[in-house]
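Remarks on the structure that follows.
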């Protein structure tokens, strides 16, 4: 893709403020100063978000506003990058390649959260909308040719904006029905233009593994580069590495083709990868030699992300997207009627949504009920057990339902 038609080059300049390792996008004479500046900004971002997590009900810390000012030039560059229609980050195709753009985007997600919180003090829907569009576009632009780790960063970025939208923008008493329609339109556009990243991650990981096998065979890559310094290159069973990578990639792609609740239940490929990772690696594997070669595909097994965790991330992002539509439609109904809907479907239909989004954990529609006069929308969660919306799973830390908060305007006053 010619540079003029690829947003990635401009993105990297803007993202450099959010990862010191991106100093190389600047002239050599400026790199030391840029690295220092970027590290300071990242440290400040982490400090501010830690304060917000501890004291979510308090006003934004003073440094949050200063950070928005100090990083505004970088964000303007990112906005310019998004004027270019296409994006492909040329990051190399080996597992040990540093994914500095994804690390920067991960840090940038903190700024996204701060922007959306600021947009309600005072309420500024235009700013909230602009923020939402910017970071959803970035999450989409990360995905082409992105491995599983990059796809998970894109998911994290998405979830950051959904969480703050849900907690801060939707409860505003100044929110209108027309603004709810605009939010739904943004979500629909995001769904229609986003890459189907599940298969993309599997294909990219397979290419990365192949390049790594070839690099190890030629000596261009050393086992120490892969944190496998205990393993001699001569002991790698390249035929087994290739056959395992091919077989398990086919398994992953076949699982992705299933409804997610079935894929998660099977987790065939995940189990085959992850069970070996849990072994006491060095003594166990080095004792399993056939001649002078290992009888285990060590490189393949240890240079790929956990497929179980990846499927879990895919499941959550799909549920989250459907739930956001529901939450906005419920809030829209309350704005128009002065009360919460008794049933979910009428509220969805008034917002132009014909059916209840699917709970990917069980393959059935998301659940909705009124509890103590308050609306509760939820997924049955990983354990697939319907707890009636009473037990929150706390982001998977305990059994329970994946509950989506619908904060009433009165509760925010």
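The values are calculated or read from the model by the stated rules, or taken from the named source; none is laboratory data. Since this is a predicted model, take the numbers as computed values, not measurements. Every residue, glycine as well, gets a Cβ built from its backbone with ideal geometry; the counts of neighbours run over all protein chains shown.
If residue 147 satisfies all but one of (1) in contact (Cβ under 8 Å) with a residue 60 or more places away in the chain; (2) more than 16 Å from the chain's Cα centre (by Cα); (3) under 30 Å from residue 38 (Cβ atoms), what's the number of the condition it fails? Status for residue 147: all satisfied but (2).
Of the residues 298, 327, the single one that is within 29 Å of the chain's Cα centre (by Cα) and at pLDDT 95 or above is 327.
Scanning the stretch 232-259 for residues that are surrounded by 18 or more Cβ atoms within 10 Å (Cβ to Cβ) and either assigned to a loop (DSSP other than H, G, I, E, B) or not assigned by TED's automatic domain parsing to the domain that holds residue 206 (or both) gives 236, 237. Please work out which one of (1) more than 17 Å from the chain's Cα centre (by Cα); (2) closer than 26 Å to residue 243 by Cα; (3) surrounded by 22 or more Cβ atoms within 10 Å (Cβ to Cβ) is the condition residue 311 fails and give its number. Every listed condition holds for residue 311 apart from (1). Contact map, the stretch 17-44: residues that are modelled with pLDDT under 95 paired with residues that are not in a helix (DSSP H, G or I), Cβ distance under 9 Å, separation 6+ or inter-chain. Pairs shown: 21/98. The residues in the stretch 46-79 that are loosely packed, with under 15 Cβ neighbours inside 10 Å and not in a helix (DSSP H, G or I) can be counted, and the count is 5.
Restricting attention to the stretch 361-383, the residues that are in a strand (DSSP E or B) and more than 19 Å from residue 312 (Cα to Cα) add up to 9. Considering only the stretch 366-375, I want to know if a residue exists there that is over 30 Å from residue 255 (Cβ atoms) and crowded, with 19+ Cβ neighbours inside 10 Å. For the stretch 366-375, residues over 30 Å from residue 255 (Cβ atoms) and crowded, with 19+ Cβ neighbours inside 10 Å: present. The listed residues are 323, 347, and the only one of them that is surrounded by 16 or more Cβ atoms within 10 Å (Cβ to Cβ), free of Cβ contacts under 8 Å to residues at least 40 places away in the same chain and not in a loop (DSSP other than H, G, I, E, B) turns out to be 347.
Residues in the stretch 185-226 that are outside any helix (DSSP H, G or I) and more than 16 Å from the chain's Cα centre (by Cα): 4 in all.
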